[in-house]
Structure formats: C-alpha cells, structure tokens
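Down below is the structure, laid out as structure tokens.
The values are calculated or read from the model by the stated rules, or taken from the named source; none is laboratory data. Keep in mind the model is a prediction, meaning the values are calculated, not measured. A quick note on method: Cβ atoms are made from the backbone with ideal geometry, for glycine too, and the neighbour counts reach across all protein chains shown. Surface areas here come from the heavy atoms of the whole protein model, side chains and all, with no ligands, DNA or RNA. Shrake-Rupley method; radii C 1.70, N 1.55, O 1.52, S 1.80 Å.
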Amino acid sequence: MNPSTMNQTSAPGEAPIHPLALRLAGKDVLCVGAGAVAERRVNQLLEAGARVTVIAPEATDSIAEAAAAGTLAWLRRGYRTGDLAGMWLAHTATGNPALDAQVGADAEAQRTWCVNASDHVASSAWTPAVTRSPEGITVAVTAGGDPRRAAGLRNAIALAADTGLLPLRRRRAGTGSVSLVGGGPGDPGLITVAGRRLLAAADVVVADRLGPRALLEELDPSVRIIEVGKAPGDHLASQQEINAVLVREARAGNRVVRLKGGDPFVLGRGGEEAAHCRENGVEVSVVPGVTSAISVPAAAGIPVTHRGVATGFSMATGHEELSELPARADHTLVLLMGVARLASNTATLLGRGLPADTPVAIIERGWCPDQRITIDRLDSIAATAEGIGVANPAVIVIGDVVRISPHAAGRLAPVANTRTRARQPQPVG
C-alpha cells in the first residue's frame, strides 16, 4: 500500500492525531461486538488480510456466515480480560459504553491499539473514511472524530479522482500497460468516468484527432502526447506504426492511454491494437466509449429506434456495400465515414426499393460547438450535401426516425406511429 493520507486536526482541546497506514496481512486482530458497526469494520479488516477473531454472544448474518466458512473465528460468548493477548489491534463496538471502555482499558494496559466505537475521545485509534483507486492510491480521511463529516470529505475526494481532477499519475517507475479508452464523439463531458481517471494517471497518451481533444489540455505538462490521428488522405501514422508505439511505450514502463474517438471496438480498430499488445506480452485493458453511431444522432434529437417507427438499426461505414442491409424506412441505417460515397450509396438504396421520400439526416461534428445538421429526402440529400460542402466527421442517418428530430420540423412530414395502438383500459374486478 502506498497511501496518501489526508488528516484534519482534532477538535479544540484534544491532542492532534498521528495518521498511519497499517499492514495487517497475517496479523491477529480482535473485534468485540458483532453488530452492524462491527460488521463494517470486520469486512475492512478481512480485506486487509488480517486474521480476525470476533467475540460476541450474537452476530449479524454476514459475520456468522463468514465464521461458518472459516473466514474468521467467532467466539460466541462475552468478552473476558485476557482475550487481547497476542493481538496487534482491537476494535470494540458492543453498543455498551462500559464494556467498550473496559476493552479499551485492557488494550491500553498491554499496549495494543484499540478503536472504541462508543467514545472517539477515549479511543487510542481512529478508523478513517477510506477510498481506494485502481491506480493503487489509498486516501484516508479523519475529521475530528466526526465520521459523517469524514465520509463526506472522502466521497468528494473519490469523485474528484474519478473525474480526473486529482493528479493520479505515479512518479516512480513501474510496470507498463496500455489502456484503450473510448473518448466518445468529441465533447469532453461524454468520456466515461473510468476513461477520465485513466487519463489522469497516464504517462503517455496516444491520441486520435477525433477524440475529446480538450481533455489533452488538462493533462500534466510532463505527460507525453503522441499524435497518430488519421484524416482522409492524411495519415500521421499507419496502424502498424500505432501498434508499435503502444508496445514500445509500455515496455519502457509507461502507463499508456490510447485515446480514441467513440468506442474503441466500433470501427476503431481497437481489437487489432489489443491483440497486438497481448501478442507482445503487454498488459492491455479496454474502456468502452459512447459510440458516435448512437450518440451523434441523439445530438440531433434522433433516436435510432423508436416505438412504432423503427425497432432496429444497422450500422455500416460508407465504404461498404449496402446490398445486404435492410432497405426499409422502418429500419434505421446509420452510416459512418460515408460522405464521400453518399451519392452512390443513396443510389444503391433507391435501386433496392427504399422510397425516394425516406428522410435522411447528416450530422457533422456531432456534440461540438460547430455541429451542423442537414436534413433532406433520400433522392436529393446527395445534391444538397454537395451544395453546402458537407464534410467528415459526419454521421448519416436514413429512415423514418429522422422525422422525430426537432430539426425536421417544417422540412418533413411528422412521423406517423401507425403500428402503435393505444391500449384501452381494462375493467377492474
């Protein structure tokens, strides 16, 4: 454990505490009492690897089950002086202040630290409110003996860590790893909490041009950013070069975040990158992202499915043939990277029988401040897009769900939920 400890000074008139982090693995610890408070403490002690003995006539179901499983020892009787022999730490939470005081006095006499749940002033040790991060950081908070106040502070610190607001990056060398993080469609607020936390702990960020670029500006200045973004006809790095960068940086002991737009496994070649890392003995994890195939239509108020309008959708790139996908206005088609072949793709769909008046929406730069939405019919959308200079990154949505968008008002006839019937109320009794 490599803890970072936050401590508040004791209340006025009390001696200040000295915070410590204890390694209790394999150490004997006594818990007197087996109620709800004791149960929480016992669980924490077991997580720390302590050998726990519980003394109480009765116990909660959880403690009883742990005793039956051999996870801890339960002495079904009252406390006796001498029970603390050989114990490294004691915790008393009987609900009886006099008994808790006796346990505390016995512990003091034999120089064993004791947490007294009945009286924090008399307690020789306090149990802090604790939060742990996957990056190996433990934060323990005390608040002058006020556990609720400490818990509130602990929760605020945990939230700041989860949202990447704390400097989680390690300063000592360690084992390298790669995390494939989906950054969402571009708005920095749409990255997941897990992704934001990994960014805060990264040594190296391998960045795409379509990821949440604003987050890069918040990184510690010492974090290296390697640009590998791809644009049509302008690739900064080939996929083979990107794979090599990930392995090279991880082998150098760095925590590498591969920050990608959308979701790493949705047309993001994340599967190839993960496989390459594993093949080369590099630890790799994947953090899903909000895929643009669903989130960008939502930015235009378009659900890819809607009761009575469309119960399914298909997603493809604009470079794929559409001959195998459903060609019906009640089945939504979502095309990514499809601007260059918009004319040929719409011609294919018209040739397959998709009605000419099927609505189409093109959302450029979804969720960004300069987002633009273009809505037209299937038979004219290509000409309209060319006339106004539609360009990637863009998501194309084809189907009746486009009519639901508030941006379609005045351009398209409203959607008709002809397949949704109102349910009649049934008589009671």
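Taking every pair of alpha-carbon atoms in the range 94-195, what share in percent sits in each 10 Å bin, from 0 to the bin with the longest distance?
Calculated P(r), rounded to whole percents: 13, 28, 24, 18, 12, 5, 0.
For helix 147-162, what angle does its Cα long axis make with the longest principal axis of the chain, in degrees from 0 to 90 and rounded to 10?
Between helix and principal axis, roughly 30 degrees.
Quote the convex hull volume per residue of the chain, based on C-alpha atoms, as a whole number of Å³. Don't jump to the answer; show the numbers that get you there.
Values: hull volume 108.2 nm³, N = 429.
Dividing the Cα hull volume of the chain by its residues yields 252 Å³.
Rounded to whole Å and ordered largest first, report the semi-axes of the equivalent ellipsoid of the range 347-403 derived from its Cα gyration tensor (root of 5λ).
Ellipsoid half-lengths, sorted descending, are 21, 12, 9 Å.
Taking every pair of distinct Cα atoms and averaging 1/r, then inverting, what Kirkwood hydrodynamic radius in Å comes out for the range 150-286?
15.2
Placing +1 at every Lys and Arg Cβ and -1 at every Asp and Glu Cβ, with all other atoms neutral, what dipole size does the chain have around its Cα centre, in debye to the nearest 20?
About 220 debye.
If you place +1 on the Cβ of every Lys and Arg, -1 on the Cβ of every Asp and Glu, and leave all else neutral, what size is the dipole of the range 299-409 about its Cα centre, to the nearest 20 Debye?
Values: 8 positive and 11 negative charges, 40 e Å.
Here the range 299-409 has a charge dipole of around 200 debye.
Rounded to the nearest whole Å², what accessible area per residue is found for the chain with the 1.4 Å probe?
Counting only protein heavy atoms, the per-residue value for the chain is 51 Å².
Using the Kirkwood radius over Cα pairs, work out the Stokes-Einstein diffusion coefficient for the range 40-121 at 4 °C and 1.567 mPa s, in µm²/s as a whole number.
Roughly 99 µm²/s, to the nearest whole number.
Hey, what number do you get for the chain at 222 nm if only DSSP H runs of n ≥ 4 count, each worth -39500 (n - 2.57), divided across all residues, to the nearest 500?
After summing the helix terms and dividing by residue count, I get -7500 deg cm²/dmol.
From the C-alpha coordinates alone, can you work out the Kirkwood hydrodynamic radius of the range 225-346, in Å?
Averaging 1/r across every pair of different Cα atoms and inverting gives 16.8 Å.
Translational diffusion coefficient of the range 242-287 at 20 °C, 1.002 mPa s, Stokes-Einstein with Kirkwood Rh over Cα pairs, in µm²/s as a whole number.
Once the numbers are plugged in, D ends up at 199 µm²/s.
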